[in-house]
Amino acid sequence: MDEHGLPSGEITDVTSIGGGTQNVMLRFTRGDRDYVLRRGPRHLRPRSNDVMLREARLLEALRTTDVPAPRLVAACTDPDVLGGAVFYLMEPIEGFSPAATLPSLHAADPQVRHAMGLSAVRAIALLGQVDHVAVGLDGYGKPAGFLDRQVPRWLGELESYSTNEGYPGPQIPGLVRVASWLTDNQPEQGRPGILHGDCHLANIMFRYDGPEVAALVDWEMSTIGDPLLDLGWQIATRPASGACSVLVPPLAAAGGLPSRDELVRHYREFSDRDLSAVDWYTVLACFKLGIVLEGTHARAFAGKAPKDVGDTLHTLTLALFDQAVSLI
């Protein structure tokens, strides 16, 4: 921090910030300024440091845009500073996660909750409109053939889970049907753009004083590809979609969120992309997220994740594939 010219002094008021991942986040104060430190999990995975550096690069690129995102302060690329983990510092977000609670303003007014859903769609639409090359993200992903790769890429990921001892393999009705339908009905990919990659409402923070998005957070699945997958992701994970209510229980219980058609119409107000294949992107979101969540279920068999968490996420996987089949 001294080398970056940040205010000096003792580090005080250190508190842990919870989130939707196993990454470590700490809020602290130094020199009368508040910061949030983000690093990989306590037990680093093979790509944890690469993911942190990618996130820092992305947040730096988004500083000049209208996309609501955490503001990067500085990144440390030297893993020796924290004993093996790279990290970055960002400014704290003054907002709340609907996965944890709803302030009284939002809990009491269904119109505010309805506007929250629309604000979330606006945020990802603005993200999808950013020229990733102009903001310095050329090479951040591999946009060519992005849609072509999705089904084989995630089927391969699902197959890799069999290395977890005790895992009986995926018991997912509809898996083959959904994969085949996605391949047979794949639309032509539009111009490349930035994807958040995991933009359900639990990964979005909202302002305390209104329905507006304070920041899109947890960017570890971000890449360059077809941004319409983010729209499909928001539709697929709507709390009204049965089991997806576990992602944001307070918001799901309160209700009042926009319908699928309202989300699509609102996205169109901020994007010039062709939305005729929205259902295909929604099915792809169900397919991809379902497989991602099944990974925790598989690791639970090998004692690498809590059994109750694995069971809950497997139930959500089944619900996502059931939703995909219904859409087909």
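The values are calculated or read from the model by the stated rules, or taken from the named source; none is laboratory data. This is a predicted model, so every value here is computed, not measured. Virtual Cβ from ideal backbone geometry, glycine too; neighbours counted across all protein chains shown. Please note that ligands, DNA and RNA were not included when accessible areas were found on the heavy atoms of the full protein model with its side chains. Shrake-Rupley method; radii C 1.70, N 1.55, O 1.52, S 1.80 Å.
Find how much the distance from GLU159 to GLU262 grows on full extension, using 0.36 nm per residue of separation minus their present alpha carbon separation; answer in nm with one decimal.
Details: separation 103, 0.36 × 103 = 37.08 nm, distance 3.67 nm.
Computed gain between GLU159 and GLU262 is 33.4 nm.
For THR65 and ASP274, calculate 0.36 nm times their separation in residues minus their Cα-Cα distance, and state this gained length in nm to one decimal.
Numbers: separation 209, 0.36 × 209 = 75.24 nm, distance 2.26 nm.
Here the answer is 73.0 nm.
Subtract the Cα-Cα distance of ARG27 and ARG42 from 0.36 nm times their separation in residues, and report this length gain in nm to one decimal.
Working: separation 15, 0.36 × 15 = 5.40 nm, distance 1.62 nm.
Full-extension gain reported as 3.8 nm.
Can you work out the accessible area per residue across the stretch 230-318, with the rest of the protein chains kept in place, probe 1.4 Å, in square angstrom? Intermediate values should be presented prior to the final figure.
On the way: 3420 Å² over 89 residues.
Heavy-atom accessible area per residue stands at 38 Å².
For the stretch 185-238, run through the chymotrypsin sites (Phe, Trp or Tyr not before Pro) and keep only the ones in DSSP coil with at most 16 other Cβ atoms within 10 Å of their Cβ. Write out the running numbers ahead of the final one.
Working: sites: PHE206, TYR208, TRP219, TRP233; in loops: TYR208, TRP219.
Within the stretch 185-238, the qualifying chymotrypsin sites (Phe, Trp or Tyr not before Pro) (loop, at most 16 other Cβ atoms within 10 Å) are TYR208.
Given a 1.4 Å probe and every protein chain left where it sits, what share in percent of the accessible area of the stretch 211-318 is carbon and sulfur? Walk me through the numbers before you get to the answer.
Values: 2040 of 3810 Å².
Its accessible area is 54 percent carbon and sulfur atoms.
Counting only heavy atoms of protein chains, what accessible area per residue, in Å², does the stretch 1-84 have with a probe of 1.4 Å? Display every interim value, and only then the final one.
Details: 5080 Å² over 84 residues.
Solvent-accessible surface per residue comes out at 60 Å².
With every protein chain kept in place and ligands, DNA and RNA left out, what is the accessible area per residue of the stretch 144-226? Probe 1.4 Å, answer in Å². Don't skip to the end; give the middle numbers.
Details: 3820 Å² over 83 residues.
For the stretch 144-226, the solvent-accessible area averages 46 Å² per residue.
Which whole DSSP H helices in the chain pass both tests: a Cα extent of 15 Å or more along the axis and a mean Kyte-Doolittle value no lower than 0.0? Please list the in-between numbers first.
On the way: long enough: 48-62 (21 Å, 0.07); 110-129 (29 Å, 0.55); 146-160 (21 Å, -0.55); 260-270 (16 Å, -1.61); 278-301 (35 Å, 0.79); 307-327 (30 Å, 0.45).
Flagged H segments are 48-62, 110-129, 278-301, 307-327.
Helix-only mean residue ellipticity at 222 nm, the chain, DSSP H runs n ≥ 4 weighted -39,500 (n - 2.57), per residue, nearest 500. What is it? Display every interim value, and only then the final one.
Details: 10 runs with 136 residues, N = 328.
Mean residue ellipticity, 222 nm, calculated: -13500 deg cm²/dmol.
Compare PRO187, PRO68, PRO239 in a GNM of the chain, Cα atoms joined below 10 Å, and give the one with the largest fluctuation.
Ranking PRO187, PRO68, PRO239 by mean-square fluctuation puts PRO187 first.
Which shape class applies to the chain: rounded if a/c is under 1.5, otherwise prolate when a/b exceeds b/c and oblate if not, where a ≥ b ≥ c are the square roots of the Cα gyration tensor eigenvalues? Please list the in-between numbers first.
Values: a/c = 1.43, a/b = 1.26, b/c = 1.14.
The shape class here is rounded.
Loop-only check: which GluC sites (Glu not before Pro) in the stretch 1-73 are DSSP coil with at most 11 other Cβ within 10 angstrom?
On the way: sites: GLU3, GLU10, GLU55, GLU60; in loops: GLU3, GLU10.
Qualifying residues, ordered by number: GLU3, GLU10.
Which aspartates and glutamates, on any chain, are close to LYS142 with Cα under 17 Å apart, when same-chain ones fewer than 8 places away are left out?
Cross-link targets: ASP50, GLU55, ASP131, GLU188, GLU220, ASP226, ASP230.
Accessible area of the stretch 97-149 with a 1.4 Å probe: how many percent of it is carbon plus sulfur? Kindly include the intermediate steps, with their values, before the conclusion.
Working: 1260 of 2320 Å².
Carbon-and-sulfur percentage of accessible area, whole number: 54.
Distance from a point 7 Å along Cα→Cβ of GLU188 to each backbone N in the stretch 137-151: keep the residues under 18 Å and list them by number.
Answer for the stretch 137-151: 144-149.
For the stretch 1-97, what class follows from the C-alpha gyration tensor (a ≥ b ≥ c being the square roots of its eigenvalues): rounded when a/c is under 1.5, otherwise prolate if a/b is larger than b/c, else oblate? All intermediate terms of the calculation are to be shown ahead of the outcome.
Details: a/c = 1.26, a/b = 1.07, b/c = 1.17.
Rounded, since a/c falls under 1.5.
Could you state how much accessible area ARG45 has, in square angstrom rounded to the nearest 10, with a 1.4 Å probe and all protein chains kept in place?
Counting only protein heavy atoms, the figure is 120 Å².
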